[in-house]
Amino acid sequence: MTGAGGAAGSGGAAGTGGGGAGACSAGATATITQVMNGSIAVGAPVSLRGVVATSPKFLASKGSAGACLWAVFVSDPVAQAAPYSGAIVVNSGARAVADASGAFGACPAGTDLIPTDTAPGDTFDLTASVITYVRSDCATTTSPPPAPEVRLNNACSIRRIARGGAVPAPATVADLAESTNSASEAIHRKWTGVLIRLTNVTSQTAVGQTGSIQLTNGVRIRDRIYQATKTAVFPAGTVWTSIVGIGHLDVCTWAVEPRDPCTDFSPKSQNCP
């Protein structure tokens, strides 16, 4: 599986992610909203205090050469999600090991700084660099090509300071085209990493081999967060009163990422209890 992009930056220190990794340029202390609305320059280091995880930790990508990139979505500590209040934090782990045939095995867990047992509601202090990222081949392989994604990249310090906090209530996106490749970078800055709710939507396709569902309104639903633990079963033509997920650039297509097929879809996946 090739994911959201090749692993960026150097690998994190081994362990479960309890603290920093050597020298770490702290940069300015800011909020996620300041990062995403452009108040913090791209390329600058930034320190965030008290941000709240809105997803578990997940494998964002496994590159063709075995590079492994782990991620978690985070939010400003707000009761209600809003434009610019969310972001994706990415951290490189150890590379997957190739066997005698050259095939790469699983990405080694616990080799980056994001705690393996991260859960929604965990609170973190972290330091990372602000980047924009899009694969270079997206410009020629995808039409329309996607705008780049703003990321909190190669986090050099991640410290969990609390567990079991409140997760923001999802925001409602009035214009669903803002979650597709037709939207500009300025629009995607509003919703990247933000927990959102889509209402009264219909699937154009059944769940594909990559876990993706295309909605009739053009929005793509993806399973990047839960793909290692669960599968979704929905036939084409399924109508949902709501889908809760998080905006993310998945490979070359902007998508909405639910966290669990049993709790973030209404009605839930057909294989759920």
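The values are calculated or read from the model by the stated rules, or taken from the named source; none is laboratory data. Values in this document were obtained by computation on a predicted structure and should not be read as measured data. No Cβ is skipped: glycine too gets one built from the backbone with ideal geometry, and neighbour counts run over all protein chains shown.
For the stretch 172-217, how many residues are assigned to a helix (DSSP H, G or I) and more than 24 Å from residue 57 (Cβ to Cβ)?
7
Of everything in the stretch 131-189, what is hydroxyl-bearing (Ser, Thr, Tyr) and under 23 Å from residue 92 (Cα atoms)? Give them in sequence order.
Within the stretch 131-189, 132, 133, 136, 157 meet the criteria.
Taking the stretch 99-120, which residues are at positive phi and loosely packed, with under 14 Cβ neighbours inside 10 Å?
The answer is 102, and nothing else.
Write out, first by first residue and then by second, each pair whose Cβ atoms fall under 8 Å of each other, whose residues are 6+ apart or on separate chains, and whose first residue, in the stretch 166-194, is touching a residue at least 60 places away in the same chain (Cβ under 8 Å) while the second is in a helix (DSSP H, G or I) and among the polar types (S, T, N, Q).
191/179
Report whether or not residue 144 is touching a Lys or Arg at 6+ places or on another chain (Cβ under 8 Å) and not assigned by TED's automatic domain parsing to the domain that holds residue 229.
No; evaluated as a whole, the condition is false for this residue.
Condition check ((1) on the phi > 0 side of the Ramachandran plot; (2) within 14 Å of the chain's Cα centre (by Cα); (3) among the acidic types (Asp, Glu); (4) exposed (fewer than 15 other Cβ atoms within 10 Å of the Cβ)) across all residues:
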| site | (1), (2), (3), (4) |
| --- | --- |
| 188 | no, yes, no, no |
| 198 | no, no, no, no |
| 222 | no, yes, no, no |
| 228 | no, no, no, yes |
| 256 | no, yes, no, no |
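With a cut-off of at least 1 residues that are touching an Asp or Glu at 6+ places or on another chain (Cβ under 6 Å), name the strands (runs of 3 or more DSSP E) lying wholly within the stretch 45-161.
Output list reads 45-53, 68-75, 86-93, 123-133.
Do we find that residue 112 is over 25 Å from residue 190 (Cα atoms), modelled with pLDDT of 95 or more and not assigned by TED's automatic domain parsing to the domain that holds residue 190 in this structure?
Answer is yes for this residue.
Please determine, by comparing only the residues of the stretch 1-44 that are outside any loop (DSSP other than H, G, I, E, B) and either under 27 Å from residue 263 (Cβ atoms) or at pLDDT below 95 (or both), which one is farthest from the chain's Cα centre (by Cα).
28
This table checks each residue for (1) among the polar types (S, T, N, Q); (2) outside the structural domain of residue 76 (by TED's automatic domain parsing); (3) at pLDDT 95 or above.
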position: 148; (1), (2), (3): no, no, yes
position: 151; (1), (2), (3): no, no, yes
position: 158; (1), (2), (3): no, no, yes
position: 180; (1), (2), (3): yes, yes, yes
position: 184; (1), (2), (3): yes, yes, yes
position: 187; (1), (2), (3): no, yes, yes
position: 204; (1), (2), (3): yes, yes, yes
position: 220; (1), (2), (3): no, yes, yes
position: 228; (1), (2), (3): no, yes, no
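How do the pairs read when you match residues in the stretch 121-144 that are touching a residue at least 12 places away in the same chain (Cβ under 8 Å) with residues anywhere that are acidic (Asp, Glu) and crowded, with 19+ Cβ neighbours inside 10 Å, using Cβ under 7 Å and keeping only pairs 6 or more apart or on different chains?
From residues that are touching a residue at least 12 places away in the same chain (Cβ under 8 Å), the pairs are 132/149; 133/149; 134/149.
Has the stretch 132-145 got at least one residue that is more than 17 Å from residue 248 (Cβ to Cβ), out of contact with any His (no Cβ under 8 Å at 6 or more places or on another chain) and aromatic (Phe, Trp, Tyr)?
no
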